[in-house]
Amino acid sequence: MTVKLFRNAHIFTPIDKGRALKGAEQGKIAEINNGAILTNCGMIEKIGPEADVLKGLDFKSVHEERDLGGVCVVPGFVDAHTHMCFAKRREDEFGMRLAGIPYLEILKRGGGILSSVNAIKEASEEELFETTWENVMAALGKGTTSVEIKSGYGLDMELELKMLRVIARIARETPLDVCPTFMGAHAVPVEYKGRADEYIDLLINQMLPAVKEQGLAEFCDVFCEEGVFTVEQSRKLLKAAKAMGFGTRIHADEVYDLGGAALAAELQVNSAEHLLAASEDGLKAMGKAGSIAVLIPATAYSLKKPYARGRDMVDWDVPVALGTDCNPGSCFCESMPFVFGLAVMNMNMTVEEALVGSTLNAAYVINRAKKLGSLEVGKQADFLLLDGEAPTTLAYHAGSTSIIEVYKRAEYVA
């Protein structure tokens, strides 16, 4: 057993109420000036004002003591939405988008997701692991201590399982907590063009059972969008996935208001992602159903699109989480501090709301809130030291990083 004491810390953390925070609750965080954290085997045993933590403490039992010098301490970031497992970047498409070619048009030309599928085919499993490892470790250096990673650049049994095996290896061989998501319904494969219904049947009857049998994914996700999968196709897949014991998520209303947010509410999926074009009615229905809105403003930034209505969603009692959407095409960004800044500056969320969205609510998205997302007794000691007086510095210090050090389970990792 390793007992560690972190003293003289200015701690800011959400308080877990047993569910994702929404509305006014999302804007409330606890502040502990001159605080301390006592950890045992990487878990928080005591936290609070230093005098309270030290009271009755047997210092002989403390193996390591650290004076943090009064710096700001926040929970480690939980990146709720990524596609970090890919084989090759798509910088050429970035230039195409800058020239005004819409993303869905690039997809029709064989680019976009389909380009990444070809790269996955050509890469060995070891090469895919190395690229993914680089992405994940870059995120760790920017404060991400837990991450969700999707498959979805395979689109057939062999390649999807290959991606999920790599994601499982990332979980074993990096310090981060990793949540794997199966997203075989990321696009319609070329060989199924015009036959999306048949591909959905393939996913339900063959691929999902294989993923379940091998224990390679916790969630199933689908891209519900014009030119990809319809609301009815998405409903069929998600209901089947839920029946098999998967958690469910949906890429919804990113480009067009197809009704994905309303579907998320209907099925009570764990989360709906993007939501740039989602209707007010659909979003309010999500709030009533308890589905979490995962907003990824770096994608809007990269695609030069209007940002999701983060301010409205909070005001409409929709729980909001944040993620990078790190992927090789529409958003090559592994930086949660950048996402935090965009949420505050371009989606009009408060600093407190953004902190909750990038920590506790994101932990609820990936079903890890019992041990992640806030600095409280019984949770992992995953925390960041910031160069600033408060979490405000994450948005204030633009174009740089305010993160001094990263700790995972009370161990210095970056």
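The values are calculated or read from the model by the stated rules, or taken from the named source; none is laboratory data. Since we're looking at a predicted model, the values are computed, not measured. Neighbour counts are summed over all protein chains in view; Cβ atoms, including those assigned to glycine, are modelled from backbone coordinates with ideal geometry. These accessible areas exclude ligands, DNA and RNA; they are computed on the full protein's heavy atoms, side chains included. Shrake-Rupley method; radii C 1.70, N 1.55, O 1.52, S 1.80 Å.
One line per residue, one yes/no per condition, for (1) of a type in the set (Val, Ile, Thr); (2) in contact with an Asp or Glu (Cβ under 8 Å, 6 or more places away or on another chain); (3) at pLDDT 85 or above; (4) on the phi > 0 side of the Ramachandran plot:
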position: 104; (1), (2), (3), (4): no, yes, no, no
position: 107; (1), (2), (3), (4): no, no, no, no
position: 130; (1), (2), (3), (4): no, no, yes, no
position: 134; (1), (2), (3), (4): no, no, yes, no
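Remark: pairs (first residue in segment 377-396, closer than 12 Å to residue 76 by Cβ and modelled with pLDDT of 95 or more; second residue open to solvent by 20 Å² or more (accessible area, probe 1.4 Å) and hydroxyl-bearing (Ser, Thr, Tyr); Cβ separation under 6 Å; 6+ apart in sequence or on different chains) are absent. Scan segment 220-252 for residues that are within 20 Å of the chain's Cα centre (by Cα) and open to solvent by 60 Å² or more (accessible area, probe 1.4 Å) and the total you get is 0. Answer yes if at least one residue in segment 212-225 is in a helix (DSSP H, G or I), farther than 24 Å from residue 80 by Cα and either at pLDDT 95 or above or not hydroxyl-bearing (Ser, Thr, Tyr) (or both), and no otherwise. Yes. Scanning segment 393-414 for residues that are open to solvent by less than 70 Å² (accessible area, probe 1.4 Å) and not aliphatic (A, V, I, L, M) yields 393, 400, 401, 402, 405, 407, 408. On the stretch given as segment 144-185, residues that are open to solvent by 10 Å² or more (accessible area, probe 1.4 Å) and of a type outside the set (A, V, I, L, M) total 11. Within segment 291-302, if we keep just the residues that are among the polar types (S, T, N, Q) and in a helix (DSSP H, G or I), the residue that is surrounded by the most Cβ atoms within 10 Å (Cβ to Cβ) turns out to be 299. Among the candidates 262, 210, 285, 217, the residue that is open to solvent by less than 30 Å² (accessible area, probe 1.4 Å), more than 18 Å from the chain's Cα centre (by Cα) and on the phi < 0 side of the Ramachandran plot is uniquely 210. If you go through segment 331-370 and keep only what is within 19 Å of residue 83 (Cβ to Cβ) and either surrounded by 23 or more Cβ atoms within 10 Å (Cβ to Cβ) or hydrophobic (A, V, I, L, M, F, W, C) (or both), you end up with 331, 332, 333, 334, 336, 338, 339, 342, 358, 362, 365, 366. Of the set (1) without any contact (Cβ under 8 Å) to a residue 12 or more places away in the chain; (2) over 21 Å from residue 367 (Cβ atoms); (3) in a helix (DSSP H, G or I), all apply to residue 203 but (1). Of the residues making up segment 226-250, just one is outside any helix (DSSP H, G or I) and of a type in the set (Lys, Arg), namely 249. Filtering segment 381-392 to residues that are open to solvent by less than 10 Å² (accessible area, probe 1.4 Å) and over 16 Å from residue 336 (Cα atoms) leaves only 381.
For segment 191-206, filtering for residues that are touching a helix residue (DSSP H, G or I) at 6+ places or on another chain (Cβ under 7 Å) and either surrounded by fewer than 22 Cβ atoms within 10 Å (Cβ to Cβ) or over 20 Å from residue 249 (Cβ atoms) (or both) leaves 6. Looking across segment 92-114, just one residue is more than 23 Å from residue 295 (Cα to Cα), touching a residue at least 24 places away in the same chain (Cβ under 8 Å) and open to solvent by 40 Å² or more (accessible area, probe 1.4 Å), and that is 108. Contact map, segment 146-172: first residue more than 24 Å from residue 195 (Cα to Cα), second residue acidic (Asp, Glu) and crowded, with 17+ Cβ neighbours inside 10 Å, Cβ cut-off under 6 Å, separation 6 or more or different chains; pairs are 146/177; 147/79.
Here 66, 90 are screened, and the one residue that is at pLDDT below 95, within 30 Å of residue 362 (Cβ to Cβ) and of a type outside the set (Ser, Thr, Tyr) is 90. Filtered by the rule that a residue be among the basic types (Lys, Arg) and either exposed (fewer than 15 other Cβ atoms within 10 Å of the Cβ) or in contact with a Cys (Cβ under 9 Å, 6 or more places away or on another chain) (or both), segment 122-143 gives no residues. The C-beta contact set for segment 303-330 (first residue in contact (Cβ under 8 Å) with a residue 12 or more places away in the chain and assigned to a loop (DSSP other than H, G, I, E, B), second residue of a type in the set (Ser, Thr, Tyr) and open to solvent by 10 Å² or more (accessible area, probe 1.4 Å), distance under 7 angstrom, 6+ apart or interchain) comprises 324/335; 330/103; 330/302. Just name the residue that is least open to solvent (accessible area, probe 1.4 Å) out of those in segment 265-282 that are more than 18 Å from residue 312 (Cα to Cα) and outside any loop (DSSP other than H, G, I, E, B). Taking the candidates together, the pick is 267. Of all the residues in segment 9-53, those that are open to solvent by 50 Å² or more (accessible area, probe 1.4 Å), farther than 24 Å from residue 322 by Cβ and not hydrophobic (A, V, I, L, M, F, W, C) number 6.
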